Amino acid sequence: MATQSITIVRIYLRESEHLLNKIIDFLHNQEKVSGVTVFQGVMGFGSDGQIRTSHLLDLSMDLPLVVEFYDLPERIESIVNHLQNKMALSHIVSWQAESHLRL
Amino acid sequence: MATQSITIVRIYLRESEHLLNKIIDFLHNQEKVSGVTVFQGVMGFGSDGQIRTSHLLDLSMDLPLVVEFYDLPERIESIVNHLQNKMALSHIVSWQAESHLRL
Amino acid sequence: MATQSITIVRIYLRESEHLLNKIIDFLHNQEKVSGVTVFQGVMGFGSDGQIRTSHLLDLSMDLPLVVEFYDLPERIESIVNHLQNKMALSHIVSWQAESHLRL
(Lines give C-alpha, C1' and ligand atoms only; values in the text may rest on other atoms or scores of the structure.)
Protein backbone atom coordinates (compact mmCIF):
# COMPACT_ATOMS: atom_id res chain seq x y z
CA MET A 1 0.00 0.00 0.00
CA ALA A 2 1.70 3.19 -1.18
CA THR A 3 1.24 6.12 1.13
CA GLN A 4 2.54 9.66 1.36
CA SER A 5 2.96 11.62 4.59
CA ILE A 6 0.67 14.62 4.72
CA THR A 7 -0.45 17.18 7.27
CA ILE A 8 -4.20 17.69 7.81
CA VAL A 9 -5.21 21.21 8.86
CA ARG A 10 -8.51 22.29 10.41
CA ILE A 11 -9.44 25.97 10.87
CA TYR A 12 -12.32 26.68 13.28
CA LEU A 13 -14.42 29.78 12.49
CA ARG A 14 -17.83 31.27 13.13
CA GLU A 15 -20.10 32.37 10.28
CA SER A 16 -20.26 35.91 11.66
CA GLU A 17 -16.54 36.39 11.20
CA HIS A 18 -17.14 36.49 7.42
CA LEU A 19 -13.67 35.12 6.77
CA LEU A 20 -14.57 32.10 4.68
CA ASN A 21 -14.39 33.68 1.24
CA LYS A 22 -11.05 35.26 2.03
CA ILE A 23 -9.64 31.93 3.26
CA ILE A 24 -10.97 30.01 0.25
CA ASP A 25 -9.56 32.65 -2.08
CA PHE A 26 -6.14 32.35 -0.44
CA LEU A 27 -6.07 28.53 -0.47
CA HIS A 28 -7.56 28.23 -3.95
CA ASN A 29 -5.97 31.07 -5.92
CA GLN A 30 -2.74 31.82 -4.11
CA GLU A 31 -1.60 28.53 -2.55
CA LYS A 32 -3.45 26.28 -5.00
CA VAL A 33 -3.86 23.49 -2.43
CA SER A 34 -5.29 20.41 -4.08
CA GLY A 35 -8.55 20.37 -2.17
CA VAL A 36 -10.53 22.04 0.62
CA THR A 37 -13.73 20.95 2.35
CA VAL A 38 -15.84 23.29 4.50
CA PHE A 39 -18.20 21.85 7.13
CA GLN A 40 -20.90 23.66 9.06
CA GLY A 41 -21.54 22.59 12.62
CA VAL A 42 -25.06 22.38 14.07
CA MET A 43 -23.95 23.62 17.49
CA GLY A 44 -20.84 24.95 19.14
CA PHE A 45 -19.23 27.30 21.56
CA GLY A 46 -15.88 29.03 21.55
CA SER A 47 -13.68 30.89 23.96
CA ASP A 48 -16.42 33.43 24.70
CA GLY A 49 -18.50 30.58 26.13
CA GLN A 50 -21.69 31.46 24.23
CA ILE A 51 -23.48 28.38 22.90
CA ARG A 52 -24.72 28.67 19.30
CA THR A 53 -27.15 26.17 17.84
CA SER A 54 -29.20 25.65 14.70
CA HIS A 55 -32.17 24.65 16.86
CA LEU A 56 -32.84 28.24 17.88
CA LEU A 57 -35.26 30.26 15.76
CA ASP A 58 -32.68 32.93 15.38
CA LEU A 59 -31.63 34.19 11.97
CA SER A 60 -28.32 35.39 13.35
CA MET A 61 -27.46 32.01 14.75
CA ASP A 62 -23.81 32.26 13.77
CA LEU A 63 -22.95 28.59 13.41
CA PRO A 64 -19.44 27.11 13.56
CA LEU A 65 -17.55 26.48 10.33
CA VAL A 66 -14.56 24.20 9.89
CA VAL A 67 -12.25 24.54 6.88
CA GLU A 68 -10.29 21.31 6.30
CA PHE A 69 -7.47 20.68 3.87
CA TYR A 70 -4.28 18.67 3.61
CA ASP A 71 -1.00 19.01 1.81
CA LEU A 72 2.64 17.94 2.06
CA PRO A 73 4.10 18.79 5.50
CA GLU A 74 6.74 21.09 3.99
CA ARG A 75 4.05 23.21 2.32
CA ILE A 76 1.88 23.56 5.43
CA GLU A 77 4.15 25.78 7.52
CA SER A 78 4.05 28.78 5.20
CA ILE A 79 0.32 28.35 4.57
CA VAL A 80 -0.48 28.27 8.30
CA ASN A 81 1.86 31.21 8.96
CA HIS A 82 -0.05 33.28 6.42
CA LEU A 83 -3.44 32.24 7.83
CA GLN A 84 -2.32 33.27 11.30
CA ASN A 85 -0.35 36.39 10.66
CA LYS A 86 -2.01 37.93 7.61
CA MET A 87 -5.57 36.76 8.28
CA ALA A 88 -5.49 36.76 12.09
CA LEU A 89 -6.91 33.23 12.44
CA SER A 90 -6.37 31.89 15.93
CA HIS A 91 -8.01 28.45 15.97
CA ILE A 92 -5.92 26.25 13.70
CA VAL A 93 -4.94 22.65 14.47
CA SER A 94 -2.95 20.15 12.42
CA TRP A 95 -1.79 16.56 12.60
CA GLN A 96 0.21 14.06 10.60
CA ALA A 97 -1.61 11.51 8.44
CA GLU A 98 -1.11 9.34 5.37
CA SER A 99 -2.58 9.88 1.94
CA HIS A 100 -3.25 6.59 0.14
CA LEU A 101 -2.00 6.69 -3.41
CA ARG A 102 -3.40 4.70 -6.30
CA LEU A 103 -0.56 3.23 -8.28
CA MET B 1 5.88 28.51 14.05
CA ALA B 2 4.82 28.16 17.68
CA THR B 3 2.73 25.12 18.40
CA GLN B 4 1.27 23.44 21.45
CA SER B 5 0.56 19.72 21.76
CA ILE B 6 -3.13 19.03 22.14
CA THR B 7 -5.45 16.03 22.08
CA ILE B 8 -8.45 16.09 19.74
CA VAL B 9 -11.48 14.13 20.93
CA ARG B 10 -14.46 12.99 18.87
CA ILE B 11 -17.60 11.49 20.46
CA TYR B 12 -19.94 9.61 18.11
CA LEU B 13 -23.65 9.67 19.02
CA ARG B 14 -27.07 9.27 17.49
CA GLU B 15 -29.74 11.95 17.80
CA SER B 16 -32.14 9.50 19.46
CA GLU B 17 -29.80 9.02 22.38
CA HIS B 18 -30.67 12.57 23.51
CA LEU B 19 -27.28 12.96 25.16
CA LEU B 20 -26.09 16.09 23.40
CA ASN B 21 -27.37 18.68 25.88
CA LYS B 22 -25.94 16.74 28.80
CA ILE B 23 -22.53 16.48 27.09
CA ILE B 24 -22.49 20.16 26.13
CA ASP B 25 -23.50 21.13 29.67
CA PHE B 26 -20.65 19.04 31.11
CA LEU B 27 -18.00 20.36 28.69
CA HIS B 28 -19.22 23.97 28.84
CA ASN B 29 -20.18 24.47 32.49
CA GLN B 30 -18.18 21.92 34.40
CA GLU B 31 -14.96 21.38 32.43
CA LYS B 32 -15.01 24.78 30.69
CA VAL B 33 -13.17 23.46 27.64
CA SER B 34 -12.27 26.30 25.34
CA GLY B 35 -14.41 25.21 22.42
CA VAL B 36 -16.70 22.49 21.13
CA THR B 37 -18.13 21.89 17.66
CA VAL B 38 -21.02 19.52 16.94
CA PHE B 39 -21.50 18.06 13.45
CA GLN B 40 -24.50 16.20 12.10
CA GLY B 41 -23.90 13.41 9.62
CA VAL B 42 -26.17 12.88 6.62
CA MET B 43 -25.87 9.10 6.83
CA GLY B 44 -24.37 6.50 9.12
CA PHE B 45 -24.55 3.16 10.77
CA GLY B 46 -23.30 1.91 14.12
CA SER B 47 -22.73 -1.37 15.84
CA ASP B 48 -26.38 -2.38 15.40
CA GLY B 49 -25.81 -2.30 11.63
CA GLN B 50 -28.92 -0.23 10.85
CA ILE B 51 -28.25 2.40 8.16
CA ARG B 52 -29.70 5.85 8.91
CA THR B 53 -29.90 8.54 6.26
CA SER B 54 -31.35 12.00 5.77
CA HIS B 55 -32.58 10.95 2.32
CA LEU B 56 -35.43 8.93 3.80
CA LEU B 57 -38.74 10.69 4.32
CA ASP B 58 -38.76 9.59 7.90
CA LEU B 59 -39.18 12.06 10.72
CA SER B 60 -37.47 9.70 13.14
CA MET B 61 -34.39 9.40 10.99
CA ASP B 62 -32.01 9.49 13.95
CA LEU B 63 -28.92 10.91 12.27
CA PRO B 64 -25.36 10.60 13.57
CA LEU B 65 -23.89 13.41 15.65
CA VAL B 66 -20.20 14.00 16.32
CA VAL B 67 -19.04 16.20 19.21
CA GLU B 68 -15.49 17.44 18.64
CA PHE B 69 -13.24 19.34 21.03
CA TYR B 70 -9.60 19.64 21.93
CA ASP B 71 -7.61 20.52 25.00
CA LEU B 72 -4.22 19.93 26.60
CA PRO B 73 -3.39 16.20 26.80
CA GLU B 74 -3.21 16.27 30.61
CA ARG B 75 -6.78 17.60 30.85
CA ILE B 76 -8.28 15.06 28.44
CA GLU B 77 -7.94 11.94 30.58
CA SER B 78 -10.28 13.07 33.36
CA ILE B 79 -12.76 14.53 30.85
CA VAL B 80 -12.92 11.30 28.85
CA ASN B 81 -13.17 9.22 32.04
CA HIS B 82 -16.20 11.23 33.10
CA LEU B 83 -17.82 10.96 29.65
CA GLN B 84 -17.37 7.19 29.71
CA ASN B 85 -18.12 6.33 33.28
CA LYS B 86 -20.69 8.92 34.35
CA MET B 87 -22.39 9.41 30.99
CA ALA B 88 -21.97 5.91 29.58
CA LEU B 89 -20.56 7.07 26.24
CA SER B 90 -18.93 4.22 24.39
CA HIS B 91 -17.75 5.66 21.06
CA ILE B 92 -14.96 8.09 21.88
CA VAL B 93 -11.72 8.43 19.91
CA SER B 94 -8.78 10.78 20.38
CA TRP B 95 -5.46 11.59 18.76
CA GLN B 96 -2.50 13.90 19.22
CA ALA B 97 -2.30 17.13 17.22
CA GLU B 98 -0.76 20.58 17.31
CA SER B 99 -2.52 23.84 18.01
CA HIS B 100 -0.95 26.75 16.12
CA LEU B 101 -0.46 29.74 18.39
CA ARG B 102 -0.42 33.36 17.29
CA LEU B 103 2.46 35.12 19.01
CA MET C 1 -7.93 4.65 31.01
CA ALA C 2 -8.09 1.65 28.68
CA THR C 3 -7.46 2.47 25.05
CA GLN C 4 -7.07 0.52 21.84
CA SER C 5 -5.02 1.65 18.85
CA ILE C 6 -7.18 2.28 15.82
CA THR C 7 -6.83 3.81 12.38
CA ILE C 8 -9.29 6.53 11.33
CA VAL C 9 -10.03 6.71 7.60
CA ARG C 10 -11.60 9.58 5.69
CA ILE C 11 -12.70 9.25 2.04
CA TYR C 12 -13.35 12.53 0.17
CA LEU C 13 -16.01 12.39 -2.57
CA ARG C 14 -18.36 14.60 -4.50
CA GLU C 15 -22.10 13.93 -4.65
CA SER C 16 -22.00 13.72 -8.45
CA GLU C 17 -19.68 10.74 -8.35
CA HIS C 18 -22.63 8.66 -7.05
CA LEU C 19 -20.28 6.34 -5.20
CA LEU C 20 -21.71 6.66 -1.71
CA ASN C 21 -24.15 3.75 -1.83
CA LYS C 22 -21.51 1.45 -3.26
CA ILE C 23 -19.03 2.43 -0.53
CA ILE C 24 -21.61 2.04 2.26
CA ASP C 25 -22.63 -1.33 0.86
CA PHE C 26 -19.02 -2.50 0.83
CA LEU C 27 -18.23 -1.26 4.37
CA HIS C 28 -21.56 -2.39 5.83
CA ASN C 29 -22.25 -5.72 4.13
CA GLN C 30 -18.86 -7.01 3.07
CA GLU C 31 -16.35 -5.64 5.59
CA LYS C 32 -18.86 -5.22 8.43
CA VAL C 33 -16.95 -2.31 9.95
CA SER C 34 -18.46 -1.35 13.28
CA GLY C 35 -19.54 2.12 12.26
CA VAL C 36 -19.48 4.70 9.48
CA THR C 37 -20.45 8.37 9.49
CA VAL C 38 -21.01 10.41 6.31
CA PHE C 39 -20.71 14.21 6.40
CA GLN C 40 -21.75 16.69 3.73
CA GLY C 41 -19.65 19.79 3.29
CA VAL C 42 -21.23 23.18 2.58
CA MET C 43 -18.40 24.21 0.24
CA GLY C 44 -15.33 22.72 -1.29
CA PHE C 45 -13.04 22.36 -4.22
CA GLY C 46 -10.94 19.48 -5.47
CA SER C 47 -8.12 18.90 -7.88
CA ASP C 48 -10.12 20.37 -10.78
CA GLY C 49 -10.13 23.68 -8.90
CA GLN C 50 -13.87 24.32 -9.31
CA ILE C 51 -15.45 25.76 -6.15
CA ARG C 52 -18.76 24.17 -5.15
CA THR C 53 -21.01 25.74 -2.55
CA SER C 54 -24.47 25.28 -1.05
CA HIS C 55 -24.99 29.05 -1.25
CA LEU C 56 -25.53 28.93 -4.99
CA LEU C 57 -29.08 28.53 -6.24
CA ASP C 58 -28.01 25.61 -8.32
CA LEU C 59 -29.72 22.26 -8.05
CA SER C 60 -26.67 20.50 -9.39
CA MET C 61 -24.41 21.97 -6.77
CA ASP C 62 -22.45 18.76 -6.28
CA LEU C 63 -21.34 19.22 -2.66
CA PRO C 64 -18.42 17.43 -1.02
CA LEU C 65 -19.05 14.26 0.98
CA VAL C 66 -16.72 12.71 3.53
CA VAL C 67 -17.09 9.08 4.61
CA GLU C 68 -15.42 8.46 7.99
CA PHE C 69 -14.85 5.19 9.79
CA TYR C 70 -12.31 3.53 12.04
CA ASP C 71 -11.17 0.02 12.74
CA LEU C 72 -8.15 -1.92 13.99
CA PRO C 73 -5.00 -1.00 12.03
CA GLU C 74 -4.54 -4.56 10.75
CA ARG C 75 -8.02 -4.53 9.16
CA ILE C 76 -7.61 -1.15 7.45
CA GLU C 77 -5.02 -2.11 4.84
CA SER C 78 -7.21 -4.58 2.97
CA ILE C 79 -10.25 -2.29 3.23
CA VAL C 80 -8.36 0.68 1.79
CA ASN C 81 -6.81 -1.48 -0.92
CA HIS C 82 -10.27 -2.54 -2.04
CA LEU C 83 -11.60 1.04 -1.96
CA GLN C 84 -8.70 2.18 -4.12
CA ASN C 85 -8.31 -0.65 -6.54
CA LYS C 86 -11.83 -2.02 -6.96
CA MET C 87 -13.74 1.23 -6.48
CA ALA C 88 -11.17 3.65 -7.93
CA LEU C 89 -11.26 6.05 -4.98
CA SER C 90 -8.31 8.40 -5.04
CA HIS C 91 -8.79 10.73 -2.06
CA ILE C 92 -8.34 8.60 1.04
CA VAL C 93 -6.42 9.66 4.15
CA SER C 94 -5.83 7.82 7.42
CA TRP C 95 -4.15 8.38 10.78
CA GLN C 96 -3.53 6.59 14.03
CA ALA C 97 -5.77 7.28 17.02
CA GLU C 98 -7.00 5.70 20.23
CA SER C 99 -10.44 4.29 20.91
CA HIS C 100 -11.46 4.72 24.55
CA LEU C 101 -12.93 1.53 25.95
CA ARG C 102 -15.47 1.30 28.73
CA LEU C 103 -14.43 -1.43 31.13
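The values are calculated or read from the model by the stated rules, or taken from the named source; none is laboratory data. Note that the structure is predicted; figures quoted are calculated from it, not measured. Note: ideal-geometry Cβ built from the backbone for every residue, glycine included; neighbour counts use all protein chains shown. Remember, those area values only see protein heavy atoms, side chains included, never the ligands or the DNA or RNA. Shrake-Rupley method; radii C 1.70, N 1.55, O 1.52, S 1.80 Å.
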Seminar exercise, completed: If labels are modelled 7 Å from Cα along the Cβ direction, B:Ser78 lies from its partners in the other copies at nm distances, smallest first, of 4.4, 4.4
Exercise. How much of A:Trp95 can a 1.4 Å solvent probe reach, expressed as accessible area in Å² and rounded to 10?
Worked result: 10 Å²
For this session: Would you mind listing how long the protein assembly as shown runs along its three principal axes, going by Cα atoms, in whole Å with the largest first?
Result: 48, 47, 38
Problem set entry | Hydrodynamic radius (Kirkwood) for segment C:23-93, which is based on Cα pairs only, to one decimal in Å | 13.9 Å
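Using a 10 Å cut-off on Cβ to Cβ distances, tally the other chain neighbours for every residue of B:83-95 and report the average as a whole number.
Counting other chains' Cβ atoms within 10 Å and averaging over B:83-95 gives 4.
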Problem set entry | Teacher prompt: B:Gln4 distances to equivalent labels in other copies, 7 Å Cα→Cβ, nm | 3.3, 3.3
For this session: Counting only C-alpha contacts under 8 Å and six or more residues apart, can you give the relative contact order of chain A as a whole percent?
Result: 49 percent
Exercise. From the residues C:Val38, C:Leu20, C:Ser5, which one has its Cα farthest along the dipole of chain C in the positive direction, the dipole being from +1 and -1 charges on Cβ of Lys/Arg and Asp/Glu about the Cα centre?
Worked result: C:Ser5
Exercise. Which angle from 0 to 90°, rounded to the nearest 10, does the C-alpha axis of helix A:73-85 make with the longest principal axis of chain A?
Worked result: 30 degrees
Exercise. Between A:Met61 and the same site in the other copies, what are the distances in nm, shortest first, taking label points 7 Å from Cα along the C-beta direction?
Worked result: 1.5, 1.5
Exercise. In nm, to one decimal, how far is the B:Leu72 label point from the A:Gln50 one, both placed 7 Å along Cα→Cβ?
Worked result: 2.8 nm
Exercise. Once the whole set of protein chains is in place, how much accessible area is left on C:Lys22, using a 1.4 Å probe, in Å² to the nearest 10?
Worked result: 110 Å²
Seminar exercise, completed: Net charge (Lys, Arg +1; Asp, Glu -1) of residues whose beta-carbon lies under 15 Å from that of B:His100, B:His100 excluded, is 0
Exercise. Under 28 Å from the Cα of B:Lys86, which lysines turn up, not counting those fewer than eight places away in the same chain?
Worked result: B:Lys22, B:Lys32
Exercise. For the protein assembly as shown, with only Lys/Arg (+1) and Asp/Glu (-1) charged at the beta-carbon, what is the dipole magnitude about the Cα centre, in debye rounded to 20?
Worked result: 120 debye
Seminar exercise, completed: Toy charge model, Lys and Arg Cβ at +1, Asp and Glu Cβ at -1: chain A dipole around Cα centroid in debye, rounded to 20, equals 140 debye
Problem set entry | ³J(HN,Hα) computed for each position of segment B:92-102 - Karplus, 6.51 cos²θ - 1.76 cosθ + 1.60, integer Hz, glycine/proline x | 10, 10, 8, 8, 7, 8, 10, 9, 8, 9, 7
Exercise. Picking from C:Gln84, C:Gln40, C:Gln50, which is most flexible by a Gaussian network model of chain C using Cα springs under 10 Å?
Worked result: C:Gln50
